[in-house]
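J.: Just dropping this structure here.
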Amino acid sequence: MKIVKRFLAIVSLLVVVLLVGCSTSKSSSSTSSSSSSSGNTAKARTLDEIKESGTIKIGVFSDKKPFGYVDDKGDYQGYDVYFADRLAKDLGVDVKYVAVDPASRVEYLTSAKVDIILANFTVTDERAEQVDFALPYMKVALGVVSPSSQLISSVDDLEGKTLIVGKGTTAETYFEKNYPKVNLLKYDQYSEAYQALLDGRGDALSTDNTEVLAWALENKGYEVGITSLGDTDTIAPAVQKGNTELLDWINNEIKTLGEENFFHKDYEETLEPVYGDATNPDDLVVEGGNVD
């Protein structure tokens, strides 16, 4: 009888342990599920927090000359950087540049790694669902650059060919949607993409027409055979979704800068030395956020 009682006591103890274990497991699972469902969004800094810190973090390209790049001295330069310098100056803070690639721009905002993205960021409906865009400061379309000896002058010329694009770019989206039969070779970095074209790994490269034109002017033997493809889009600063205070400040700043033709001055300093007479600044520059 004692043996039976002892056996039942042991069984009861095991049942209690199992129930506690299941409860703990369920609680852990629930916590994990809740944690994962919250996503990777980190709270963006407010305008006051940025001012108090004395530094604003701005995401820019480090390899997209002449818009955002690092020069031989290790300093950031370019059209976007010239604008970013002015934003920091007028806000009364220092600027910390953070290098981004095309596909990481949204993630760097949602994770609060940067306060603003100023990396030739084309405004699209899809992106506007994930970030908040400020007023535009530039107009662009897509362009295609290729060797002059085997010039690609129409999309039909790309049949059976390989087109190089950057991951997370409007060029990637445009060709996947409208020309799915075009073979795309994708790269994270613009420097990698252009090197692939130079090495002959692709027949042509597509990105913003403003950029392929600048690249072709500095690389003999290459030409922009397709100067404008798709709709004319706009380039704008972006902040984390819901960071209204910072967004409003940027919009007011863009309007104020428009009164002094700031972006034409930006063009003269950073783009005109590259483009020369090859393009009209009014075809690219947007002042005060007003698109003609």
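J.: Among the residues of region 145-167, which ones are part of a loop (DSSP other than H, G, I, E, B) and either of a type in the set (D, E, K, R) or under 23 Å from Thr122 (Cβ atoms) (or both)?
T.: The answer is Ile152, Ser154, Glu159, Lys161, Lys167.
J.: Which of the residues that make up region 152-166 are more than 15 Å from Asn183 (Cβ to Cβ) and surrounded by fewer than 17 Cβ atoms within 10 Å (Cβ to Cβ)?
T.: Passing the criteria: Ser153, Ser154.
J.: Could you say whether any residue in region 214-226 is closer than 22 Å to Asp292 by Cα, surrounded by fewer than 22 Cβ atoms within 10 Å (Cβ to Cβ) and either out of contact with any Phe, Trp or Tyr (no Cβ under 6 Å at 6 or more places or on another chain) or basic (Lys, Arg) (or both)?
T.: Taking every residue of region 214-226 in turn, none turns out to be closer than 22 Å to Asp292 by Cα, surrounded by fewer than 22 Cβ atoms within 10 Å (Cβ to Cβ) and either out of contact with any Phe, Trp or Tyr (no Cβ under 6 Å at 6 or more places or on another chain) or basic (Lys, Arg) (or both).
J.: Among all residue pairs at least 6 apart or on different chains, which show Cβ distances below 9 Å where the first residue, located in region 106-131, is more than 15 Å from Thr170 (Cβ to Cβ) and not assigned by TED's automatic domain parsing to the domain that holds Gly168 and the second is in a helix (DSSP H, G or I) and of a type in the set (Asp, Glu)?
T.: Lys113/Glu107; Leu118/Asp80
J.: OK, next. When you go through (1) among the hydroxyl-bearing types (Ser, Thr, Tyr); (2) at pLDDT 95 or above; (3) surrounded by 16 or more Cβ atoms within 10 Å (Cβ to Cβ); (4) under 30 Å from Ala42 (Cβ atoms) one by one for Ser111, which number turns out not to apply?
T.: Result: Ser111 passes all but (3).
J.: Can you go through Ser191, Ser228, Ser154 and tell me which one is at pLDDT 95 or above and among the hydroxyl-bearing types (Ser, Thr, Tyr)?
T.: Only one candidate qualifies: Ser154.
J.: With region 201-292 as the region, which strands (runs of 3 or more DSSP E) entirely inside it contain at least 2 residues that are out of contact with any strand residue (DSSP E or B) (no Cβ under 6 Å at 6 or more places or on another chain)?
T.: The strands (runs of 3 or more DSSP E) meeting that bar are 222-235.
J.: If Lys181 satisfies all but one of (1) at pLDDT below 95; (2) part of a loop (DSSP other than H, G, I, E, B); (3) within 23 Å of the chain's Cα centre (by Cα), what's the number of the condition it fails?
T.: (3)
J.: Among the numbered criteria (1) touching a residue at least 24 places away in the same chain (Cβ under 8 Å); (2) under 24 Å from Ala84 (Cα atoms); (3) surrounded by fewer than 14 Cβ atoms within 10 Å (Cβ to Cβ); (4) in the same structural domain as Ala128 (by TED's automatic domain parsing), which one does Ala278 miss?
T.: Going through (1) touching a residue at least 24 places away in the same chain (Cβ under 8 Å); (2) under 24 Å from Ala84 (Cα atoms); (3) surrounded by fewer than 14 Cβ atoms within 10 Å (Cβ to Cβ); (4) in the same structural domain as Ala128 (by TED's automatic domain parsing) one by one, Ala278 breaks only (2).
The values are calculated or read from the model by the stated rules, or taken from the named source; none is laboratory data. Note that the structure is a prediction, hence the values are computed from the model and not measured. Every residue, glycine among them, receives a Cβ derived from its backbone with ideal geometry; neighbour counts consider all protein chains shown.
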